[in-house]
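Chemist: Take this structure, written in structure tokens, and hold onto it; I'll ask about it next.
The values are calculated or read from the model by the stated rules, or taken from the named source; none is laboratory data. All figures in this text were calculated on a predicted structure; none of them were measured in a lab. Because the Cβ atoms are built from the backbone with ideal geometry, glycine has one as well, and the counts that use them run over all protein chains shown. Ligands, DNA and RNA are stripped out before the accessible areas are found, and what is left, the full protein with its side chains, is counted by its heavy atoms. Shrake-Rupley method; radii C 1.70, N 1.55, O 1.52, S 1.80 Å.
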Amino acid sequence: MESNQKQLVLGAYLAYGTGHHPAAWRHPDVNPQAAQDIGHYLNMARIAEKGLLDFIFLSDTPSVFQDDQRGYGSRVVVFEPITLLSALAIVTEHIGLVATASTTYKHPFNIAREFASLDHISRGRAGWNLVTSSKSHAAKNFGFAQHPEHDERYHQAAESWDIVTGLWDSWDDDALPRDKQSGIFYDPSKCHELNFQGQYFSVKGPLNISHPPQGHPIIVQAGSSEPGKELAARTAELVFTAQPDMNLAKAFYSDLKSRLSQYERHYNNILIMPGLCFFIGVDEESAKKKFNDLQALIHPEFGLSMLSDLLGGIDLSGYDINQPLSELPISNGNQSRRAIIEKMARSESLTIKQLYEKIIIARGHLILIGSYQQVAAQMVQWLQEKACDGFNLMPPYMPGCLEEFVTHVVPELQKMGVFKTDYKSGTLREKLDIPKPPSKFHV
């Protein structure tokens, strides 16, 4: 392939510690305490940067996952992501650091301050994954009687984005001369109060930290419902999406990119990155064995419980798992993920048991199984057919699967001319060719 070929953007989705397969913690090569082992995460960050990956991505939820009530699931204790990424910033130099923060359960002033701090600590490598929270159990952790309705959460998220990005612009780049001779530490004329009054928030400002090195940390968004796509078109620079099928991914890609013009944004101002869970080996047979070995570790009760959670908290305990998925009641959980699962169940005529065996592996994300060359070729096909701009890699178990990808698949992608052989200098924005936004106070 030619050297001027479009380049893949690759993230390392390192949340949950042990891996993305639900039974990863039971794998013989996995430390079951990895989710709260800082040494494990330091090692993962070094592996990801060695492989020239563009960013580390940490999801988060303001409650314990409800995908298991019997003690089988491992996603119950994890580090708070901003704290963890601040530590990883010290042992890395180039890789981006993306953390999730909920606009439903975190005040925008705190979001703005935390991510501005991370951007300074990392010298311009921070990203905010803007989510509205699909987990209804979070409400009572914050004193609310119930989880806000889906569309209302997105209205609040849009308002939160306005505030956070406005607060990041509180100080001009040259607002703090810190001149020892004159005694002038800052220029009051270059400090701006936001004075935001909205339906959900009232915020005066200014922020008590200077303009982030990137201007604004990279905005990531993960919703694929109609309100989610509109929010992404208006606010996001990187979109993390669950797309298990290339034709569906192409339609999503085209749809989302077409929405940018109404917000006076350019086609290339947003990068679309499906999640990719991969099972790889020297040949297809060895890759399938890795897959089957992990599948054998799934406890059946956990499989059904996890599917229930992914469908928005629908109780499936009374359903016959050997029958197809019937019409389900309305829920207030994740709408886009539920739509993907229901479509898969209907189009492939799956029983509930077959569905959970298939869906919980990567929770609706793309799964590729094959040799290093086969997986690399399929990734390139997605890129060439405009189904994505890159992938957020979801190692089935860690660190082994990520290290194997970096050692064997990355060189294949480099040979094909679609992945860099060194990091560019500069901030995460500069590395991804995403322009620095103008200050809201100077437009």
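Chemist: Looking at Gly223, Gly215, Gly303, Gly312 in this structure, which one is modelled with pLDDT under 90, open to solvent by less than 60 Å² (accessible area, probe 1.4 Å) and on the phi > 0 side of the Ramachandran plot?
Modeler: Gly312
Chemist: Quick one: would you say Ala376 is among the aliphatic types (A, V, I, L, M), more than 21 Å from Ile272 (Cα to Cα) and either open to solvent by 10 Å² or more (accessible area, probe 1.4 Å) or modelled with pLDDT of 85 or more (or both)?
Modeler: It is false that Ala376 is among the aliphatic types (A, V, I, L, M), more than 21 Å from Ile272 (Cα to Cα) and either open to solvent by 10 Å² or more (accessible area, probe 1.4 Å) or modelled with pLDDT of 85 or more (or both).
Chemist: Further question: From the list Asp54, Asp37, which residue is closer than 27 Å to Gly303 by Cα and in contact with a Gly (Cβ under 9 Å, 6 or more places away or on another chain)?
Modeler: Of the residues listed, the single one that is closer than 27 Å to Gly303 by Cα and in contact with a Gly (Cβ under 9 Å, 6 or more places away or on another chain) is Asp37.
Chemist: Looking only at region 398-443, filter to residues that are over 20 Å from the mean Cα position of the chain (by Cα) and β-branched (Val, Ile, Thr); which one of those is surrounded by the most Cβ atoms within 10 Å (Cβ to Cβ)?
Modeler: Residue satisfying both the conditions and the ranking: Val409.
Chemist: May I pose another question? Do we have any residue at all in region 145-167 that's in a loop (DSSP other than H, G, I, E, B) and over 30 Å from Glu226 (Cβ atoms)?
Modeler: no
Chemist: Across region 147-202, which residue is most open to solvent (accessible area, probe 1.4 Å) among those that are at pLDDT below 95 and farther than 27 Å from Ile218 by Cβ?
Modeler: Glu149
Chemist: Evaluate region 261-278: report whether one residue or more is open to solvent by 60 Å² or more (accessible area, probe 1.4 Å), over 20 Å from Pro395 (Cβ atoms) and of a type in the set (Gly, Ala, Ser).
Modeler: Quick first cut of region 261-278, residues open to solvent by 60 Å² or more (accessible area, probe 1.4 Å) only: 261-264, 266-268.
Those left that are additionally over 20 Å from Pro395 (Cβ atoms): 261-264, 266-268.
With of a type in the set (Gly, Ala, Ser) added as a condition, the list becomes 261.
Yes, some residue in region 261-278 is open to solvent by 60 Å² or more (accessible area, probe 1.4 Å), over 20 Å from Pro395 (Cβ atoms) and of a type in the set (Gly, Ala, Ser).
Chemist: Then there is this: Residue check: is Gln323 touching a helix residue (DSSP H, G or I) at 6+ places or on another chain (Cβ under 8 Å) and either at pLDDT 80 or above or crowded, with 20+ Cβ neighbours inside 10 Å (or both)?
Modeler: yes
Chemist: Let me ask something additional. Looking at region 80-118 only, could you name the residues that are open to solvent by 10 Å² or more (accessible area, probe 1.4 Å), in a loop (DSSP other than H, G, I, E, B), among the β-branched types (Val, Ile, Thr) and within 23 Å of Ile434 (Cα to Cα)?
Modeler: Result: Thr92, single match.
Chemist: So, Gly17, is that one part of a helix (DSSP H, G or I) and farther than 22 Å from Pro411 by Cβ or not?
Modeler: When the stated conditions are applied, Gly17 does not pass them.
Chemist: Then there's this: For the list (1) buried (at least 20 other Cβ atoms within 10 Å of the Cβ); (2) within 19 Å of the chain's Cα centre (by Cα); (3) not in a helix (DSSP H, G or I), I need the number of the one condition that Val77 fails.
Modeler: The single condition Val77 does not satisfy is (1).
Chemist: So which pairs qualify, if the first residue must be in region 186-203 and over 19 Å from Trp171 (Cα atoms), the second must be open to solvent by less than 70 Å² (accessible area, probe 1.4 Å) and of a type in the set (Phe, Trp, Tyr), the Cβ gap must be under 9 Å, and the two must be at least 6 apart or on different chains?
Modeler: Phe201/Phe109; Ser202/Phe196
Chemist: Inside region 253-302, can you point out the residues that are of a type in the set (Phe, Trp, Tyr), in a helix (DSSP H, G or I), touching a helix residue (DSSP H, G or I) at 6+ places or on another chain (Cβ under 8 Å) and in contact (Cβ under 8 Å) with a residue 12 or more places away in the chain?
Modeler: Result: Tyr263, single match.
Chemist: Filtering region 330-358 down to residues that are closer than 21 Å to Phe252 by Cα and in contact with a Pro (Cβ under 9 Å, 6 or more places away or on another chain), which residue is surrounded by the fewest Cβ atoms within 10 Å (Cβ to Cβ)?
Modeler: Step by step, filter region 330-358, then rank; the result is Arg346.
Chemist: Assess whether Ile56 counts as being without any contact (Cβ under 8 Å) to a residue 40 or more places away in the chain, surrounded by 19 or more Cβ atoms within 10 Å (Cβ to Cβ) and closer than 29 Å to Arg26 by Cα. Don't jump to the end; show me each part of the working.
Modeler: On the way: without any contact (Cβ under 8 Å) to a residue 40 or more places away in the chain: no; surrounded by 19 or more Cβ atoms within 10 Å (Cβ to Cβ): yes; closer than 29 Å to Arg26 by Cα: yes.
When the stated conditions are applied, Ile56 does not pass them.
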